[in-house]
Amino acid sequence: MSERRQAASTLDGVVLLHGISRTARSFRRMELALRAAGFATLNLDYDSRRKPLDALAEDIHPSLDQFARSLDGSVHFACHSMGGLLARVYLARHRPARLGRVVMLGTPNGGSEIADRLKNLAAYRAYFGPAGQQLVTRRDAATSALLPAIDYPAGIIAGNRSVYPITSIGLPRPHDGRVSVANTRLDGMADHIVIRTSHPWLVRNAEAIAQTIAFLQEGKFSTNRRVD
(Lines give C-alpha, C1' and ligand atoms only; values in the text may rest on other atoms or scores of the structure.)
Protein backbone atom coordinates (compact mmCIF):
# COMPACT_ATOMS: atom_id res chain seq x y z
CA MET A 1 0.00 0.00 0.00
CA SER A 2 1.47 3.33 -1.03
CA GLU A 3 0.52 6.80 0.08
CA ARG A 4 1.07 10.42 -0.83
CA ARG A 5 0.76 13.05 1.85
CA GLN A 6 1.46 16.65 2.61
CA ALA A 7 3.81 17.43 5.49
CA ALA A 8 2.37 17.47 9.00
CA SER A 9 0.18 20.53 9.47
CA THR A 10 -1.73 22.37 12.15
CA LEU A 11 -4.60 22.57 9.66
CA ASP A 12 -7.28 19.98 9.06
CA GLY A 13 -6.47 16.91 6.99
CA VAL A 14 -8.40 14.88 4.42
CA VAL A 15 -8.12 11.13 3.85
CA LEU A 16 -8.86 10.16 0.24
CA LEU A 17 -10.18 6.65 -0.44
CA HIS A 18 -10.57 5.55 -4.06
CA GLY A 19 -13.14 3.10 -5.40
CA ILE A 20 -12.86 -0.56 -6.28
CA SER A 21 -10.32 -1.34 -9.04
CA ARG A 22 -9.06 2.26 -8.95
CA THR A 23 -5.87 3.73 -7.44
CA ALA A 24 -4.84 6.85 -5.55
CA ARG A 25 -4.03 8.45 -8.92
CA SER A 26 -7.74 8.81 -9.61
CA PHE A 27 -7.91 11.34 -6.75
CA ARG A 28 -4.88 13.36 -7.84
CA ARG A 29 -6.82 16.35 -9.19
CA MET A 30 -8.98 16.58 -6.09
CA GLU A 31 -5.95 16.08 -3.86
CA LEU A 32 -4.20 19.08 -5.42
CA ALA A 33 -7.36 21.20 -5.03
CA LEU A 34 -7.66 20.21 -1.36
CA ARG A 35 -4.05 21.16 -0.72
CA ALA A 36 -4.61 24.50 -2.45
CA ALA A 37 -7.58 25.03 -0.11
CA GLY A 38 -5.29 24.53 2.89
CA PHE A 39 -5.87 20.88 3.82
CA ALA A 40 -3.20 18.29 4.51
CA THR A 41 -3.91 15.10 2.55
CA LEU A 42 -3.46 11.36 2.81
CA ASN A 43 -4.24 9.73 -0.54
CA LEU A 44 -4.16 5.97 0.06
CA ASP A 45 -3.81 3.02 -2.26
CA TYR A 46 -5.37 -0.18 -0.95
CA ASP A 47 -6.01 -3.69 -2.32
CA SER A 48 -9.63 -3.05 -3.25
CA ARG A 49 -10.06 -6.24 -5.30
CA ARG A 50 -8.29 -8.68 -3.00
CA LYS A 51 -9.99 -8.43 0.39
CA PRO A 52 -13.39 -7.78 1.97
CA LEU A 53 -14.24 -4.42 3.51
CA ASP A 54 -13.43 -5.39 7.10
CA ALA A 55 -9.93 -6.58 6.19
CA LEU A 56 -9.34 -3.46 4.09
CA ALA A 57 -10.30 -1.29 7.06
CA GLU A 58 -7.56 -2.95 9.10
CA ASP A 59 -5.07 -2.55 6.25
CA ILE A 60 -5.52 1.22 6.07
CA HIS A 61 -5.61 1.77 9.83
CA PRO A 62 -1.86 2.17 10.58
CA SER A 63 -1.30 4.87 7.95
CA LEU A 64 -4.57 6.60 8.71
CA ASP A 65 -4.02 6.57 12.46
CA GLN A 66 -0.53 8.03 12.05
CA PHE A 67 -1.89 10.76 9.78
CA ALA A 68 -4.68 11.65 12.21
CA ARG A 69 -2.22 11.87 15.09
CA SER A 70 0.02 14.21 13.09
CA LEU A 71 -2.76 16.78 12.80
CA ASP A 72 -3.73 19.39 15.35
CA GLY A 73 -7.00 19.88 13.49
CA SER A 74 -9.74 17.53 12.39
CA VAL A 75 -9.43 14.60 10.00
CA HIS A 76 -12.01 14.53 7.20
CA PHE A 77 -12.71 11.92 4.52
CA ALA A 78 -13.40 12.22 0.78
CA CYS A 79 -14.33 8.89 -0.79
CA HIS A 80 -15.27 7.63 -4.22
CA SER A 81 -17.66 4.74 -4.82
CA MET A 82 -16.73 1.75 -2.62
CA GLY A 83 -14.27 4.00 -0.81
CA GLY A 84 -17.27 5.50 0.98
CA LEU A 85 -18.33 2.09 2.26
CA LEU A 86 -14.76 1.45 3.39
CA ALA A 87 -14.80 4.75 5.28
CA ARG A 88 -18.06 3.76 6.99
CA VAL A 89 -16.57 0.42 8.06
CA TYR A 90 -13.37 2.08 9.21
CA LEU A 91 -15.14 4.78 11.23
CA ALA A 92 -17.31 2.19 12.97
CA ARG A 93 -14.11 0.45 14.13
CA HIS A 94 -11.42 3.13 14.42
CA ARG A 95 -13.08 6.52 14.72
CA PRO A 96 -10.44 9.26 15.04
CA ALA A 97 -10.65 11.41 18.14
CA ARG A 98 -11.08 14.55 16.03
CA LEU A 99 -13.26 13.25 13.23
CA GLY A 100 -14.50 16.00 10.95
CA ARG A 101 -16.76 15.57 7.93
CA VAL A 102 -17.16 12.88 5.29
CA VAL A 103 -17.92 13.35 1.58
CA MET A 104 -19.00 10.33 -0.46
CA LEU A 105 -18.98 10.55 -4.26
CA GLY A 106 -21.08 7.94 -6.05
CA THR A 107 -20.99 5.61 -3.06
CA PRO A 108 -23.52 2.74 -3.27
CA ASN A 109 -24.83 3.20 0.25
CA GLY A 110 -27.94 1.27 -0.72
CA GLY A 111 -25.94 -1.13 -2.87
CA SER A 112 -25.29 -1.28 -6.60
CA GLU A 113 -27.83 -2.77 -8.97
CA ILE A 114 -24.95 -3.60 -11.31
CA ALA A 115 -23.41 -5.77 -8.59
CA ASP A 116 -26.78 -7.50 -8.17
CA ARG A 117 -26.78 -8.36 -11.85
CA LEU A 118 -23.19 -9.57 -12.08
CA LYS A 119 -22.40 -11.02 -8.65
CA ASN A 120 -22.74 -14.68 -9.73
CA LEU A 121 -20.66 -14.37 -12.89
CA ALA A 122 -17.25 -16.00 -12.60
CA ALA A 123 -15.50 -13.12 -14.37
CA TYR A 124 -17.02 -10.56 -11.99
CA ARG A 125 -16.13 -12.61 -8.92
CA ALA A 126 -12.57 -13.13 -10.13
CA TYR A 127 -11.96 -9.49 -11.01
CA PHE A 128 -13.73 -7.65 -8.17
CA GLY A 129 -12.98 -10.17 -5.44
CA PRO A 130 -14.57 -10.38 -1.98
CA ALA A 131 -15.46 -6.68 -1.73
CA GLY A 132 -17.33 -6.90 -5.03
CA GLN A 133 -19.74 -9.32 -3.40
CA GLN A 134 -20.43 -6.76 -0.65
CA LEU A 135 -21.68 -4.12 -3.09
CA VAL A 136 -25.08 -5.74 -3.67
CA THR A 137 -28.36 -4.11 -2.66
CA ARG A 138 -29.46 -7.05 -0.48
CA ARG A 139 -26.66 -7.38 2.04
CA ASP A 140 -26.22 -10.33 4.31
CA ALA A 141 -26.24 -9.87 8.08
CA ALA A 142 -22.46 -9.84 8.35
CA THR A 143 -22.04 -7.07 5.78
CA SER A 144 -24.91 -5.05 7.24
CA ALA A 145 -23.26 -5.23 10.66
CA LEU A 146 -20.13 -3.62 9.20
CA LEU A 147 -22.17 -0.59 8.13
CA PRO A 148 -24.05 0.76 11.16
CA ALA A 149 -26.00 4.02 11.14
CA ILE A 150 -23.78 7.07 10.83
CA ASP A 151 -23.48 9.70 13.55
CA TYR A 152 -21.11 12.12 11.81
CA PRO A 153 -21.67 14.80 9.15
CA ALA A 154 -21.82 13.15 5.74
CA GLY A 155 -22.34 14.91 2.43
CA ILE A 156 -23.17 12.79 -0.60
CA ILE A 157 -22.50 13.69 -4.23
CA ALA A 158 -24.25 11.65 -6.92
CA GLY A 159 -23.88 11.70 -10.70
CA ASN A 160 -26.71 11.54 -13.23
CA ARG A 161 -24.89 10.82 -16.50
CA SER A 162 -23.59 7.50 -17.86
CA VAL A 163 -20.68 6.52 -20.09
CA TYR A 164 -21.84 2.88 -20.00
CA PRO A 165 -24.74 2.72 -22.50
CA ILE A 166 -24.92 -1.09 -22.50
CA THR A 167 -24.10 -2.20 -18.96
CA SER A 168 -26.24 0.51 -17.36
CA ILE A 169 -29.41 -0.62 -19.15
CA GLY A 170 -32.05 -1.34 -16.53
CA LEU A 171 -30.56 0.85 -13.81
CA PRO A 172 -33.23 2.97 -12.09
CA ARG A 173 -33.03 6.53 -13.39
CA PRO A 174 -31.39 8.85 -12.66
CA HIS A 175 -28.05 7.10 -12.30
CA ASP A 176 -24.33 7.59 -13.01
CA GLY A 177 -23.92 4.39 -15.00
CA ARG A 178 -22.99 2.32 -11.96
CA VAL A 179 -25.16 3.48 -9.03
CA SER A 180 -28.66 4.95 -9.00
CA VAL A 181 -29.00 8.37 -7.37
CA ALA A 182 -31.52 6.85 -4.95
CA ASN A 183 -28.97 4.30 -3.73
CA THR A 184 -26.34 6.92 -2.99
CA ARG A 185 -28.57 8.35 -0.27
CA LEU A 186 -27.98 7.44 3.36
CA ASP A 187 -30.12 7.83 6.45
CA GLY A 188 -28.69 10.58 8.63
CA MET A 189 -26.77 12.32 5.83
CA ALA A 190 -26.28 16.06 6.28
CA ASP A 191 -26.62 17.00 2.61
CA HIS A 192 -27.02 15.50 -0.86
CA ILE A 193 -26.37 16.90 -4.32
CA VAL A 194 -26.54 15.63 -7.90
CA ILE A 195 -23.83 16.58 -10.42
CA ARG A 196 -24.12 16.25 -14.20
CA THR A 197 -21.34 13.70 -14.63
CA SER A 198 -20.76 9.95 -14.69
CA HIS A 199 -19.46 7.56 -12.05
CA PRO A 200 -15.77 7.42 -13.03
CA TRP A 201 -15.51 11.19 -13.50
CA LEU A 202 -17.00 12.26 -10.18
CA VAL A 203 -13.55 12.54 -8.60
CA ARG A 204 -12.23 14.72 -11.45
CA ASN A 205 -15.27 16.87 -12.13
CA ALA A 206 -14.63 20.54 -11.26
CA GLU A 207 -18.11 20.99 -9.78
CA ALA A 208 -17.79 17.87 -7.63
CA ILE A 209 -14.37 18.99 -6.38
CA ALA A 210 -15.68 22.46 -5.52
CA GLN A 211 -18.66 20.99 -3.71
CA THR A 212 -16.44 18.56 -1.80
CA ILE A 213 -14.32 21.45 -0.53
CA ALA A 214 -17.45 23.47 0.33
CA PHE A 215 -18.86 20.64 2.44
CA LEU A 216 -15.58 19.98 4.23
CA GLN A 217 -15.28 23.67 5.07
CA GLU A 218 -18.91 24.54 5.82
CA GLY A 219 -20.76 21.28 6.50
CA LYS A 220 -23.08 21.82 3.52
CA PHE A 221 -22.92 22.04 -0.24
CA SER A 222 -22.98 25.37 -2.04
CA THR A 223 -26.67 26.15 -2.53
CA ASN A 224 -26.18 28.43 -5.52
CA ARG A 225 -24.60 25.56 -7.52
CA ARG A 226 -26.73 22.57 -6.59
CA VAL A 227 -29.15 20.95 -9.04
CA ASP A 228 -31.16 18.47 -6.95
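The values are calculated or read from the model by the stated rules, or taken from the named source; none is laboratory data. These numbers come from a predicted model, not from an experiment. Note that each Cβ is placed from the backbone with ideal geometry, even for glycine, and that neighbours are counted across all protein chains shown. Areas reflect the complete protein model, heavy atoms only, side chains present, ligands, DNA and RNA absent. Shrake-Rupley method; radii C 1.70, N 1.55, O 1.52, S 1.80 Å.
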Q: Using a 1.4 Å probe over the heavy atoms of the protein chains, calculate the carbon and sulfur portion of the accessible area of the chain as a whole percent.
A: 50
Q. For the chain, what is the accessible area per residue in Å², given a 1.4 Å probe and the full set of protein chains?
A. 44
(Q) Whole angstrom only: what separates the Cα centroid of the stretch 155-228 from the Cα centroid of the stretch 22-54? (A) 18
Q.
With a 10 Å cut-off between alpha carbons and a GNM built on the chain, which of T107, T23, T41 moves the most?
A. T23
Q | Directionally averaged shadow of the stretch 13-127, computed from the convex hull of its alpha-carbon atoms, nm² | A | 7.1
(Q) Compute, for the chain, the length of the dipole vector about the Cα centre, with Cβ point charges of +1 (Lys, Arg) and -1 (Asp, Glu) only. Units Debye, rounded to 20. (A) 520
Q | Calculated P(r) of the chain - Cα pairs past 31 Å, % | A | 14
Q) Sorted by accessible area with a 1.4 angstrom probe, largest first, how do K51, K220 fall? A) K220, K51
Q | Anisotropy class of the stretch 135-228 from Cα gyration tensor, a/c 1.5 cut | A | oblate
Q: For S222 and R138, compute 0.36 nm times the residue count separating them, minus their Cα-Cα distance, and round to one decimal in nm.
A: 26.9 nm
Q: With only Lys, Arg, Asp and Glu charged, each at its Cβ (+1 for the first two, -1 for the last two), find how big the charge dipole of the stretch 10-88 is about the Cα centre; round to the nearest 20 debye.
A: 380
Q. Tally Lys/Arg at +1 and Asp/Glu at -1 over every other residue whose Cβ is under 15 Å from the Cβ of D72; what's the total?
A. +1
**Q.** Förster radius 35 Å - calculated FRET efficiency between H94 and A182, Cβ distance, rounded to 0.05
**A.** 0.75
Q.
Quick check on the stretch 105-186: what are the equivalent-ellipsoid semi-axes from the Cα gyration tensor, as sqrt(5λ), descending, whole Å?
A. 20, 19, 9
(Q) Of S63, Y152, L202, which is farthest towards the positive pole of the chain's charge dipole, taken about the Cα centre with +1 and -1 on the beta-carbons of Lys, Arg and Asp, Glu respectively? (A) L202
Q. Once you charge only the Cβ atoms, +1 for Lys and Arg and -1 for Asp and Glu, what is the size of the charge dipole of the stretch 64-122 about its Cα centre, to the nearest 20 debye?
A. 140
Q. Add -39500 (n - 2.57) for each DSSP H run of 4 or more in the chain, then divide by its residues: what number comes out at 222 nm, to the nearest 500 deg cm²/dmol?
A. -10500 deg cm²/dmol
Q. Near L202, within a Cβ-to-Cβ distance under 12 Å, what is the net charge of the other residues, with Lys and Arg +1 and Asp and Glu -1?
A. +4
Q. Using 7 Å Cα-to-Cβ label points, what is the R50/R204 separation (nm, one decimal)?
A. 2.6
**Q.** Accessible surface, 1.4 Å probe, highest first, among residues L99, L16
**A.** L99, L16
Q: May I ask for the Kirkwood hydrodynamic radius of the stretch 23-72, worked out over all distinct Cα pairs and given in angstroms to one decimal?
A: 12.2
